[in-house]
Amino acid sequence: MVAYIIVDIDVHNPEPYREYLKKITPTVAACGGRYLVRGARTKVLHGNWQPERVVVMEFPDWERAQHWATCEEYQPIHQLRQANASVRMILVDGSVEAQCRVSASISTLC
């Protein structure tokens with residue numbers, strides 16, 4: 001089943017964070033992921049959550065999403081993010097309909 005990583009990022013140091021973006025983007029694709037939302041405009045419809053920069057990534061399955069988030073080879077890049085931004089990140093299962101759509105487009109595996 002597809003999985004999503006949802007991130008709310010508060011960037012403290014924009015210049016070094018740009019370097020992080022250059023380095024992390026290829027790793028998402030290498031794990032079969034893709035960006036669905038990346039820093040787009042937000043509007044709170046209910047509650048008191050005030051997101052800064054929202055990112056939603058879709059991965060073919062839970063395992064590849066978790067690999068992307070926790071694997072040793074990407075840790076230096078993730079540390080660059082952590083040094084320059086505050087991050088709240090979750091991993092969630094997707095729907096069956098999303099799985100059918102993603103299964104048809106998988107070309108690389110992590």
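Within a Cβ distance under 14 Å of residue 83, other residues only, what is the Lys/Arg minus Asp/Glu net charge?
Residues close to residue 83 contribute a combined charge of 0.
Treating the beta-carbon of each Lys and Arg as +1 and of each Asp and Glu as -1, no other charges, what is the dipole magnitude of the chain about its Cα centre, to the nearest 20 debye?
Approximately 400 debye in magnitude.
Taking just the alpha carbons, could you work out the radius of gyration and Dmax for the chain, both in angstroms?
14.2, 40
Could you list which residues have their amide H under 5 Å from that of residue 94, counting only those 5 or more apart in sequence or on another chain, with H placed in the peptide plane?
Amide H neighbours of residue 94, under 5 Å, 5+ apart: 2, 3, 4.
Tell me which DSSP H helices of the chain clear both cut-offs, 24 Å or more of axial length from alpha-carbon atoms and a mean Kyte-Doolittle hydropathy of at least -1.0.
Passing helices, by number: 14-30.
Below 13 angstrom from the Cβ of residue 65, what's the summed charge of the other residues (Lys, Arg +1; Asp, Glu -1)?
Overall, the nearby charge balance is -2.
Grab the DSSP H runs of the chain that are 4 residues or longer, score each as -39,500 (n - 2.57), total them, divide by all residues and round the 222 nm result to the nearest 500 deg cm²/dmol.
Roughly -12000 deg cm²/dmol at 222 nm, from the helical runs in the chain.
Each value in this text was obtained by applying a stated rule to the coordinates, not by laboratory testing. Treat the numbers as computed from the prediction; the structure is a model and nothing was measured. Reconstructed Cβ throughout: ideal geometry from the backbone, glycine too, with neighbour counts over all protein chains shown.
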